[in-house]
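One structure is given here, and the rest of the page talks about it.
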Amino acid sequence: MTAHSTRHRSDIRPALLFLLPAGFGFVLFYAWPALQTFYLSFTDYSLLAAPNWVGTQNYRDALGDARFGNALLVTVEYVVINIGVQTVVALLIAVLMHRLTKSSLVRGVLLLPYLIANVVVALVWYNMLDAQLGIVNALLSWVGVDPVAFFGETSTAIPTIALVNVWRHMGYTALLIFAGLQAIPRSVYEAAAIDGASEWRVFRSVTLPLLRPVLAMVLVLTVIGSFQIFDTVAVTTKGGPVDATRVIYFYIYEKAFQQFDFGYAAALSVVLFLILAGLAVAQLRLLRAGSSDLD
């Protein structure tokens, strides 16, 4: 046995010891609850009695549940607005930072909204956008615009919630993209400048292609996170008005903790997991996240 293999084997035990707490936490708080949820999705369970096996009945009920379908549509609307605006704004901020300043202070300021709890952000914006007492409507009244019930109208509720979360997350997303920009060699930009490429041509033909792996990661993370929107809705609209903001996570919460239909809620959770897994795989393949134009 060589000294290298002996040293390699001696490193395994400390590595396993360091991984043990994380592995224990993963099994206890993720793997085991996930397995329980999968089992309960095939049962009729309400906390008051032992689970009763019903097979795939919960999944068949979900296919005919109009409110579940509406919750999916509302969630998709939120995701499209949130991801579309957030990605464009974050990309713009990241490019401006990369070109104009790399100040740690600027990066810290951008990250501040992300460090505030979602519930606090929701409460602050809920009060700022209040139709009667909110400062935003007070400013609108000064310019002759009638008060707007941002959270109280079916046409504005979801866009308002989406933009509130754009404000909270765009700094963090911008920093992820900024890190990807810093990994692009300056020689690529110098070669484009020598060829006489304009700023827009450099951005379209050099920056965006080389950012593809980072943008793929950002999109996967933000899409999954957007589908899990809950606390902003719970604090502000509670699913209203008229189911206009009843997103899928809030609907699952209502089924489980208000109607105590845990078996059906577990089935909806499994369906949501399958949707997110499919979206993640599709995004990674379409964006070719595993390859880079630098290779």
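The values are calculated or read from the model by the stated rules, or taken from the named source; none is laboratory data. From a predicted model like this one, the values you see are computed outputs, not experimental measurements. All Cβ positions, even for glycine, are placed from backbone atoms using ideal geometry, and neighbour counts span all protein chains on display. Surface accessibility is based on the protein's heavy atoms, side chains included, excluding ligands, DNA and RNA. Shrake-Rupley method; radii C 1.70, N 1.55, O 1.52, S 1.80 Å.
Below are the figures for this structure:
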{"item": "Gyration tensor (alpha-carbon) shape descriptor, region 45-145, a/c threshold 1.5", "result": "prolate"}
{"item": "Residue-normalised accessible area of region 138-295, expressed per residue, 1.4 Å probe, Å²", "result": "50"}
{"item": "Helix-only [θ]222 nm of the chain, DSSP H runs n ≥ 4, -39500 (n - 2.57) each, per residue, nearest 500", "result": "-21500 deg cm²/dmol"}
{"item": "Per-pair calculated FRET efficiency, R0 = 41 Å: GLN36 and ARG99 via Cβ, rounded to 0.05", "result": "0.25"}
{"item": "Contact order relative to length of region 149-233, as percent, for alpha carbon pairs under 8 angstrom and 6 or more apart", "result": "31"}
{"item": "Label-point gap, in nm, between ASP146 and VAL106 - each point 7 angstrom along Cα→Cβ", "result": "4.3"}
{"item": "Net +/- balance of residues flanking THR154 in space, Cβ distance below 12 Å, scoring K and R +1, D and E -1", "result": "-2"}
{"item": "For peptides 26-36, 253-263, sequence by mean Cβ density within 10 Å, most packed first", "result": "253-263, 26-36"}
{"item": "Neighbour net charge for VAL109 - beta-carbon separation under 15 angstrom, K R +1, D E -1", "result": "+3"}
{"item": "Neighbourhood charge, 14 Å Cβ-Cβ cut-off, centred on LYS238 and excluding it, Lys, Arg +1 and Asp, Glu -1", "result": "-2"}
{"item": "Cα gyration tensor shape of region 1-103, rounded if a/c is under 1.5, else prolate or oblate by comparing a/b with b/c", "result": "oblate"}
{"item": "Sparse-neighbour loop sites [trypsin sites (Lys or Arg not before Pro); region 97-186; at most 15 other C-beta within 10 Å; DSSP]", "result": "LYS102"}
{"item": "Extension gain (nm, one decimal) between GLN182 and LEU92, 0.36 nm per residue minus Cα-Cα", "result": "30.9 nm"}
{"item": "Carbon and sulfur %, accessible surface of region 210-274 computed with the full protein complex present, 1.4 Å", "result": "69"}
{"item": "Long-range amide H partners of THR43 with built H, under 5 Å", "result": "VAL54"}
{"item": "Span-like helix ranges in the chain, DSSP H, alpha carbon extent 30 angstrom or more, Kyte mean at least 0.0", "result": "3-26, 66-100, 157-182, 262-286"}
{"item": "With every protein chain in place, region 52-162: carbon and sulfur % of accessible area (1.4 Å)", "result": "70"}
{"item": "Relative contact order for the chain, counting Cα pairs under 8 Å that sit 6 or more residues apart, in percent", "result": "29"}
{"item": "Answer label, with Cα extents along the principal axes in Å calculated from the coordinates and candidates (i) 86, 49, 37; (ii) 105, 36, 28; (iii) 81, 70, 32", "result": "(iii)"}
{"item": "At R0 = 45 Å, FRET efficiency that the Cβ-Cβ distance of ILE116 and SER198 yields, to 0.05", "result": "0.70"}
